Structure formats: structure tokens, C-alpha cells
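The values are calculated or read from the model by the stated rules, or taken from the named source; none is laboratory data. It should be emphasised that the depicted structure is a prediction, and the values quoted were computed from it without experimental measurement. In this analysis, Cβ positions are derived from the backbone assuming ideal geometry, glycine residues included, and neighbour counts consider all displayed protein chains. Remember, those area values only see protein heavy atoms, side chains included, never the ligands or the DNA or RNA. Shrake-Rupley method; radii C 1.70, N 1.55, O 1.52, S 1.80 Å.
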Amino acid sequence: MSLKSTFMRGAMVAAAFLLAGCAASFYTRYDAPVAAEVSRNWRLADVRVTVPDELVVSEAKSLFPHADIVWREDPEGDRKAQVAAIVKNAATIAGRGLKGGQPVIIDISLARFHALTFEAETRLSNAGVHNIEFTAQVVDARTGAVLFGPKFIEAALPALAGQQMKDARARGETQRSQITAHLVETFRGWLNIGSDPRSEFQRLGG
């Protein structure tokens, strides 16, 4: 085996270990949520998601592309718009739990949306991680005044791979549905209208 082949094989193994999360932890975390006595007065009027121009998108067919935006389940196109739509939908679903009278807008600025590639999903035997990070704030829909935030939120979740993801897809689950469900739970916890989702996911081998 050539030196180049040996290096490439080693790099692939290292990437697989990174994706599998060996000796690493992945988090869903944020500072203290909105006080319940505050959020109970709110009613969701809109969700606005911004994806900064400087975020890098990758279409590389590899185990772990070095980019901010990695998303594969939609047809090739505007990946920033695609992931923004996923985040907006999740925040909108979560915000339906706001039953108060004061109309508010959730403003979100995406920092990272790095889902597992199909190559990683196929070649890993256990699981990886979907890394999603953003800053969120709540503003008064009528005046624009900031009511809470901005706050940085990490919403990482285990990404099924190998046979586990094949079984999940057979049940009708997708990366989109799994990520959306986790984001909904994260937003509900942050708004203090649901259970607290903050936790550490310790990967196998850690």
C-alpha cells in the first residue's frame, strides 16, 4: 500500500471516529429559558430566520464536509433557504403553544446546520450527530422592541446511521422529521412551554 493510500485510509478512519463521536459529547444547551410568567403572555405572530452570507455550504460527497451548511434530503438547490425553512417550521410549530395576547416574533440567525451526509449515513455502523446552532431572540411584533435575548442555542442531536437509519426510514422517519422534532422540543423548552430538552449526548466509545 502506498504512503498516499495509507494516509487516505487513516484520514477516513479518523473522520468516521469523529462522526461516531468517540470520546466526545454533543449537547442541546442554552442559558436559562424565558420565564414562564413572561412567555405565558405571548402569542406567536411570525418567525424570521436569517442565514448569514458568510456561512459556507458544501455539496461534497464525503463523510464530514468542512462547512457550516450541510443538507442532502432536499433536491440540489438553495441550501440556505432549505435549512432556514426547516428551522422556521420547527419554531412555528413550537410557538403554537404561546397562548397569550401579546403578539411576538421569534428572530433566528443561523450559525450552523450540519446534518449527516448520505455517505456518512450509509457507511457508519452506529450513529453520528446533526449539529445545529443559532442565535434567537423574541421581539414585540408591534414595536420591534426586544423582549428576550438574543441567546445562543446549540441543538445537536444523535444522527442515526447504518441499519438503525434504514429501519427508521422504513418506519417513515427521515433526517428532516427527526431534526424537526428535536428543534420543536428545543424551542418549546427555551420558551418554557414544554419540557427542558437540555442534555449531553455521550457517544459510544466516550
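Can you list residue pairs whose Cβ atoms sit under 6 Å apart, with the first residue in region 167-192 being farther than 19 Å from Phe113 by Cβ and the second being assigned to a helix (DSSP H, G or I) and among the hydrophobic types (A, V, I, L, M, F, W, C)? Count only pairs 6 or more apart in sequence or on different chains.
So the pair list comes out as Arg188/Ala94; Asn192/Ala36.
Residues in region 123-160 that are under 20 Å from the mean Cα position of the chain (by Cα), more than 18 Å from Ile179 (Cβ to Cβ) and either of a type in the set (Asp, Glu) or open to solvent by less than 10 Å² (accessible area, probe 1.4 Å) (or both): how many?
Residues flagged as under 20 Å from the mean Cα position of the chain (by Cα), more than 18 Å from Ile179 (Cβ to Cβ) and either of a type in the set (Asp, Glu) or open to solvent by less than 10 Å² (accessible area, probe 1.4 Å) (or both) within region 123-160 amount to 1.
Hey, among Ala23, Ala16, Ala32, which residue is at pLDDT below 95 and on the phi > 0 side of the Ramachandran plot?
When all the criteria are applied, what remains is Ala23.
Kindly provide the set of residues from region 73-88 that are closer than 16 Å to His130 by Cβ, surrounded by 18 or more Cβ atoms within 10 Å (Cβ to Cβ) and not aliphatic (A, V, I, L, M), ordered by number.
Selection gives Arg79, Gln82.
Report whether or not Arg48 is of a type in the set (Lys, Arg) and open to solvent by less than 70 Å² (accessible area, probe 1.4 Å).
no
Please indicate, with yes or no, whether at least one residue in region 99-114 is in contact with a Leu (Cβ under 9 Å, 6 or more places away or on another chain) and closer than 15 Å to Leu157 by Cβ.
Checked against the condition, which is being in contact with a Leu (Cβ under 9 Å, 6 or more places away or on another chain) and closer than 15 Å to Leu157 by Cβ, region 99-114 yields at least one hit.
Looking at (1) under 21 Å from Gly144 (Cβ atoms); (2) in contact with a helix residue (DSSP H, G or I) (Cβ under 8 Å, 6 or more places away or on another chain), find the lone condition where Pro52 falls short.
Evaluating Pro52 over (1) under 21 Å from Gly144 (Cβ atoms); (2) in contact with a helix residue (DSSP H, G or I) (Cβ under 8 Å, 6 or more places away or on another chain) leaves (2) as the failure.
Within region 89-117, restricting attention to residues that are within 19 Å of Val56 (Cβ to Cβ) and not aliphatic (A, V, I, L, M), which residue is surrounded by the fewest Cβ atoms within 10 Å (Cβ to Cβ)?
If we take residues in region 89-117 being within 19 Å of Val56 (Cβ to Cβ) and not aliphatic (A, V, I, L, M), then Ser109 is surrounded by the fewest Cβ atoms within 10 Å (Cβ to Cβ).
Based on this model, can you work out whether Leu55 counts as surrounded by 15 or more Cβ atoms within 10 Å (Cβ to Cβ) and within 20 Å of Ala159 (Cα to Cα)?
Working: surrounded by 15 or more Cβ atoms within 10 Å (Cβ to Cβ): yes; within 20 Å of Ala159 (Cα to Cα): no.
Judged against the criteria, Leu55 is not a match.
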